[in-house]
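For reference, the structure is listed below as structure tokens.
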Amino acid sequence: MPQATPIKVVEPRQRALLVGVFVDGVTTKGEFEASLDELEALADTAGAVVIGRVVQKRREIDPTFYVGRGKAEQIAEECARNNIDIVIFDHELSPAQVRNLEQVVKRRVIDRTELILDIFAKRARTKQAKLQVELARLEYELPRLRHMWSHLSRTEGSPGVRGGPGEQQLELDRRRAYRRVAELQRQLSEINKRTEMRAKKRSEMFTVTLVGYTNVGKSTLMNALTKAGVYVEGRLFATLDATTRVLILKHGQKALLTDTIGFINKLPPQLIASFHATLAEVRHADLLLHVADLTHPRMEEQIKVVEQTLIDIGASGKPTIMVLNKADLLPPDVDRDALKRRFENACIVSALTGEGLEELKERVEAEYRKQRQIEIEAIFPLSCGWLIKWVYEHASVLSEEVSNGILRMSLLIEKPLAMKLSSMCNDGYNGVRLIIKDAS
Ligand code: GDP
Ligand code: MG
């Protein structure tokens with residue numbers, strides 16, 4: 001019996017034909033072409049071999065075939081001539097459009113959303129990611145189930161009459177799908193509770209989360225900053241699960257650095273909903289590192305997509321450092337200062353060569369200090385041995401000097417610990433003085 005949700009959409013090495021419709025006034029020519037380039041990268045990531053593209057310029061989309069009928073026939077010819085296995089549209093198709101197109105081109109026809117869902121399905125590793133992807137796919141497939149059984153209705157049952165074998169099968173499948181959705185939601189809510197709890201617990205520590213368009217170098221940067229050994233690949237969505245490592249800053253402060261999934265233009269809403277828990281890492285972060293790829297011709301648009309996605313998932317307005325990556329590929333005549341100014345004090349780095357990473361760490365540390373620490377000038381008589389020991393254990397000593405039995409220190413200390421120190425000093429230590437130098 002056919003599965004209600006086919007597990008794989010694109011088989012390895014399948015020959016793919018891409019189709020894009022350019023509707024004047026809706027997108028610019030540049031955006032249209034960039035989107036097709038990205039579709040090609042996505043198809044490649046899914047394992048297909050892209051053989052060619054068919055584009056059409058229209059004033060509005062065709063309700064029956066999305067493209068015009070003539071174009072649909074041309075696609076059919078193209079498919080036959082080039083042994084195409086699968087046709088991939090760069091647009092969301094209605095179930096009826098898919099059915100009509102498949103009848104004409106005699107090949108499997110999928111849209112961008114299905115392709116992205118397929119990639120996520122193939123890349124999911126943890127139980128949580130797998131359940132999240134299955135749920136997203138079922139929610140995408142549910143309104144499309146009718147189409148899967150329409151051939152039965154046509155050939156074996158009477159069209160339009162309820163109760164034909166196609167209709168019965170459809171009802172069965174639909175009920176099975178709803179049951180599965182409920183089951184997935186139940187399992188996920190259990191796991192998600194744990195994920196949210198973990199993310200909240202971590203929020204006692206300073207958490208830094210990498211965000212950015214897919215393939216900009218987030219995982220490479222994570223590795224460079226923490227030697228984490230996160231899977232890096234020059235393909236889209238190499239990372240589906242959040243990975244967290246400790247990042248030690250200059251004065252010994254410990255932060256948690258988390259690598260997350262990359263964002264992409266037109267990320268299917270079903271996926272954003274299903275990955276809500278994974279994205280908790282982004283919502284609970286104290287600081288975001290927004291990584292962008294300097295060498296990408298459409299870097300600015302990618303940055304906008306990421307900013308919009310952050311709004312969509314409820315994580316906008318957080319302290320953010322813009323990180324412009326892949327500086328090693330930047331031509332030497334590019335004005336770096338101008339770049340930094342244009343992107344609000346961005347850091348220019350190369351995760352590959354290490355260039356700029358020290359400055360980036362300093363910027364992270366500055367943010368850590370601003371949110372969590374204060375700088376104190378402390379004066380202790382050397383007789384306060386116990387107190388001095390406590391200070392060495394709980395604060396970073398920036399400088400110190402001893403004269404006439406007096407120890408003068410410049411300290412960096414967590415705000416709650418500064419309160420504790422202050423109350424300890426008030427408990428009968430003569431000659432101790434604390435002066436707050438910087439309490440931003
Ligand atoms: P992610 O999707 O954002 O996690 O990106 P990855 O870390 O997987 O990297 C995507 C591709 O960009 C890989 O081929 C990396 O080797 C490459 N890459 C990452 N950082 C740099 C860099 O600083 N310079 C250059 N030249 N390539 C980089
Ligand atoms: Mg990655």
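Against the conditions (1) in contact with a Pro (Cβ under 8 Å, 6 or more places away or on another chain); (2) at pLDDT 95 or above, where does G47 fall short? Just the number, please.
Answer for G47: the failing condition is (2).
Tell me which residues, restricted to the stretch 215-228, are in a loop (DSSP other than H, G, I, E, B), open to solvent by 10 Å² or more (accessible area, probe 1.4 Å) and near ligand 1 (Cβ under 8 Å from one of its atoms).
Listed by number, the residues that qualify are N215, G217.
Please enumerate the residues belonging to the stretch 385-429 that are free of Cβ contacts under 8 Å to residues at least 60 places away in the same chain, under 25 Å from K370 (Cα atoms) and among the small types (G, A, S).
Scanning the stretch 385-429 gives A395, S399, S410, A418, S422, S423.
Which condition does Q187 not pass, out of (1) under 18 Å from E281 (Cα atoms); (2) more than 16 Å from ligand 2 (Cβ to nearest atom), if it passes all the others?
(1)
Which is at pLDDT 95 or above, open to solvent by 20 Å² or more (accessible area, probe 1.4 Å), under 17 Å from E414 (Cα atoms) and in a helix (DSSP H, G or I), of E359, E367?
E367
To keep it simple, each residue is scored yes or no on (1) out of contact with any strand residue (DSSP E or B) (no Cβ under 6 Å at 6 or more places or on another chain); (2) crowded, with 20+ Cβ neighbours inside 10 Å; (3) at pLDDT 90 or above.
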position: F89; (1), (2), (3): no, yes, yes
position: K106; (1), (2), (3): yes, no, yes
position: K122; (1), (2), (3): yes, no, no
position: V133; (1), (2), (3): yes, yes, no
position: E141; (1), (2), (3): yes, yes, no
position: H151; (1), (2), (3): yes, no, no
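For residues that are of a type outside the set (D, E) and over 16 Å from the mean Cα position of the chain (by Cα), tally how many sit in the stretch 114-125.
Total satisfying the criteria: 2.
The values are calculated or read from the model by the stated rules, or taken from the named source; none is laboratory data. Please read these numbers as outputs of a predicted model, since none were measured by experiment. Using ideal geometry, Cβ is built from the backbone for each residue, glycine included, and neighbour counts are taken over all protein chains shown. Only protein heavy atoms, including side chains, enter the accessible area calculation; ligands, DNA and RNA are left aside. Shrake-Rupley method; radii C 1.70, N 1.55, O 1.52, S 1.80 Å.
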